[in-house]
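Okay, structure first, notes after.
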Amino acid sequence: MDKSEDSLTWKDLEIGCVVTEPGSASEYKTGDWRSQRPAWDTSKCVKCGMCYIFCPEGCIHQDSEGYFEADLYYCKGCGICARECWTGAITILEEEE
Amino acid sequence: MMSQRVGIEISLAVAEVAKLADVDVVAAYPITPQTHIVERLAELVANGELSAEYIPVESEHSAMSACLGSSAVGARTFTATAGQGLELMHEVVDVAPSLRLPIVMAVANRALSGPLSVWCDHSDAMGVRDCGWVQMFAENGQAAFDLSLCAFRIAEDPSVLLPTMVHLDGFSLSHVIEPISMLEKDELEGFIPPYEHPFPLRPDKPVTMGAFAPPVIYTETRKAQEVALRSSKKVILQAWKEFGHRFGRYYSPVEGYKSKEATTLLLTMGSFGETATVAIDRMRDNGESVGLINLRLWRPFPFDEIRQAVRNADIVIVFDRCLSSGGPGGPVCSEIRSALYGEKKQPQVVSFIGGLGGRDVTPDDFVNVIRRGIEIAEKGSDEEYEMIGVRE
Ligand code: SF4
Ligand code: SF4
């Protein structure tokens, strides 16, 4: 679709609100929902990958040194990664207003 | 082969419609008083008379869910339910019009629990009033047959693509044997064109159906759906007109009986329309200026036709088979009132409720309703509505 979501009129919608473009859900910024964010302390991280496995958004990835970080475009700030990290390497910080 | 008039139970006639329409999928859960419709369909599929997939689901919620799936891949889909079944299905009933899936459903109207009742009233229909389906009420067996046939054509019309409900009163229609002019397959030639969804679920051209809509787009989706439903009236009228031309039976959104010059009109929906004609005849013989209006098309609501039908009347007495608890009384009456509010010439509209949970309403009762309605219109009443036949 050429138009952005907030300029679509009801006439622009496909019949039955069908989405014809595959993978378009990746454009949806679930990061907008976040009120808290995870922060990694690499000195405590043992690179086990538990946070990566448990993140319900699948938004944690490894950096070039093998440490993990969240893609904040998608991270909802649910805190699951911090809860599951058994070395206590992840802390949850309040988002600033 | 020419069509024949045969004595047939109306439920079986409705099942016959699904066979004539050559449905691909029936997903249903049996519930009184709809049972005979789906039992017959199961039989037709089992004995090879109907080449369709019959999915005997574990609940009505699953029935409608299965219908969504089959209609979404482009299969002609039929189901039927009643009362509590429609309630259990409710969540998914709302989804079908949103996805623009032209499922056809027969509802053998039944009162809602509690207390438990398997007998007829229109409470089940009113629970799904605002779900976005095209909805019509049959007044007799022939109408149940004819409207169900037309329902496939209306629902699947490329400019409509909306699910369609045909309401038939439980027991007083569903279980009654009536002489019905059945149509043969070859007579129907071309009346129900093949069903094509513009975006069917197909592996070779994947689409997403039923995605969520955040606040930025939800309103637009509802507007699009509403426009489709309101615009469906053109297609409904056209389908009924063509049906009339081809098969000799004409249907309109609002049916009048001796109503043209009558100063007092009784308005019913469903099979009571038939009973009420007897009351009208008697009062006419007595020189009273009364007539009957039967509301056939419930959604989209036929505003213009209603205004037209009552334009010469001073009093309109609306008889509802459902109670809007704690509200204005009868749901049909509320809609008639709002359709007429603001019109230059407004008749007095009086609300009656009766026939709940299968309670019989006789021609004598209708005569009393009309007389009492005229009295209320003349003298006024403190009550929003009057319930008839209730023992005090
Ligand atoms: S806070 Fe939740 S969404 Fe964000 S990275 Fe951690 S697990 Fe994933
Ligand atoms: S769970 Fe903790 S220790 Fe394991 S990789 Fe993630 S941050 Fe590092």
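In order along the stretch B:138-153, the phi-based Karplus estimate (6.51 cos²θ - 1.76 cosθ + 1.60, θ = phi - 60°) of 3J(HN,Hα) comes to 8, 9, 7, x, 4, 5, 4, 5, 5, 5, 5, 4, 4, 4, 5, 5 Hz; Gly and Pro are listed as x. Between B:A75, B:A228, B:A108, the GNM of chain B built on Cα springs shorter than 10 angstrom shows B:A228 fluctuating the most. Listed by chain and number, the lysines placed with their C-alpha closer than 25 angstrom to that of B:K234 are A:K11, B:K223, B:K260; residues fewer than eight positions away on the same chain are left out.
Ignoring aspartates and glutamates fewer than eight residues from B:K205 along the same chain, the ones with Cα atoms less than 17 angstrom from its Cα are A:E14, A:E21, B:E196.
Given their separation in residues at 0.36 nm each and the Cα-Cα distance between them, B:R246 and B:V176 gain 22.5 nm when the chain is fully extended. Inverting the pair-averaged 1/r between distinct Cα atoms of the stretch B:1-62 gives 12.2 Å as its Kirkwood hydrodynamic radius.
Amide hydrogen proximity for B:I55: with H placed 1.01 Å from N in the peptide plane, the residues at 5 or more positions away or on another chain lying under 5 Å are B:V26, B:A27, B:A28.
Our coupling estimate for the stretch B:76-86, obtained by passing each phi through the Karplus curve with A = 6.51, B = -1.76, C = 1.60 and θ = phi - 60°, is 5, 10, 10, 8, 8, 7, 6, x, 4, x, 5 Hz, Gly and Pro reported as x. Between B:V73 and B:D204, the simple spin-label model (points 7 angstrom out along Cα→Cβ) gives 1.5 nm.
Which of the GluC sites (Glu not before Pro) across the stretch B:1-81 are loop residues per DSSP, with 16 or fewer other Cβ within 10 Å? Please list the in-between numbers first.
On the way: sites: B:E9, B:E16, B:E39, B:E43, B:E49, B:E53, B:E58, B:E60; in loops: B:E49, B:E58.
Filter output for the stretch B:1-81: B:E49, B:E58.
Taking every alpha-carbon pair in the protein assembly as shown and binning the separations at 20 Å intervals from zero gives 21, 45, 23, 9, 1 percent.
Using a 7 Å offset from the Cα along the Cα-to-Cβ direction at both B:E196 and A:L72, what is the distance between the two label points in nm, to one decimal? My value for the distance between the label points is 5.1 nm.
For chain B, the fraction of alpha-carbon pairs lying more than 27 Å apart is 48 percent, rounded to a whole number. Backbone phi angles across the stretch B:276-285, fed through the Karplus curve with coefficients 6.51, -1.76 and 1.60 (θ = phi - 60°), yield HN-Hα couplings of 5, 4, 5, 5, 4, 4, 4, 5, 4, 4 Hz in residue order; Gly and Pro are listed as x.
Setting aside same-chain residues fewer than 8 positions from A:K29, which aspartates and glutamates have a Cα under 14 Å from its Cα? Reachable aspartates and glutamates: A:E5, A:D6, A:E57, A:D71.
Compared with the alpha-carbon gap, the fully stretched path from A:W86 to A:A39 is longer by 15.5 nm at 0.36 nm per residue.
All of the numbers you see were taken from the coordinates with simple rules; none came from a lab. Keep in mind the model is a prediction, meaning the values are calculated, not measured. Quick reminder, even Gly has a Cβ in these numbers, built from the backbone with ideal geometry, and neighbours come from all protein chains shown.
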